[in-house]
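Here is the structure we will look at, set down as structure tokens.
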Amino acid sequence: MAWVLLIVAGFFEVAWAYTMKLSNGFTDFKYSFLTVFIAMLGFMMLSVSMKTLPLGTAYTIWTGIGAVGAFVVGIVFLGEVASVQRITAAGLILTGLVMLKIST
């Protein structure tokens, strides 16, 4: 159950990063509220998962999901550049996450 919560918390991290971008520097109330609300949900799930998962593993997996997820959202929804170097870097992050999961 801790792994499921951690993965969902990672997706919440992606969601709050995206809504933070849409909040335009916290000047749009709707997206600002969503950012804070989604972030709180994600932090709660992360904290519950950390009751049983090692700190380093949980935090690295959470931030990795957030980083790669935000990268994908940026490309798909915001028109950001998808260069070979950026895609390779995201792939290396994913490889590291899988290796952490396997070793835990």
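Computed from the coordinates by the stated procedures, all read-outs in this text should not be read as laboratory data. Owing to the predicted nature of the structure, the values given are computational and were not obtained by experimental measurement. Positions of Cβ are generated from backbone atoms using ideal geometry, with glycine treated the same way; all protein chains shown enter the neighbour counts.
The distance between label points at Met99 and Arg86 comes to 2.5 nm (points 7 Å beyond Cα on the Cα→Cβ vector). With the convex hull of its Cα atoms as the shape, the chain has an orientation-averaged projected area of 6.8 nm².
For n ≥ 4 DSSP H runs only, could you compute -39500 (n - 2.57) per run for the chain, divide by its residues and tell me the 222 nm figure to the nearest 500?
-29000 deg cm²/dmol
Under the combined filter of DSSP loop state and at most 15 neighbouring Cβ atoms within 10 Å, segment 1-79 retains these trypsin sites (Lys or Arg not before Pro): Lys51.
Full extension of the segment from Phe26 to Met40, taken as 0.36 nm per residue of separation minus the current Cα-Cα distance, would add 3.4 nm. Taking Lys30 as the anchor, which lysines have their alpha carbon closer than 28 Å to its alpha carbon, excluding any fewer than eight residues away along the same chain? Qualifying lysines at Cα under 28 Å: Lys21. With neighbour counts taken as other beta-carbon atoms within 10 Å, the residues Thr63, Thr19 rank, fewest first, as Thr63, Thr19.
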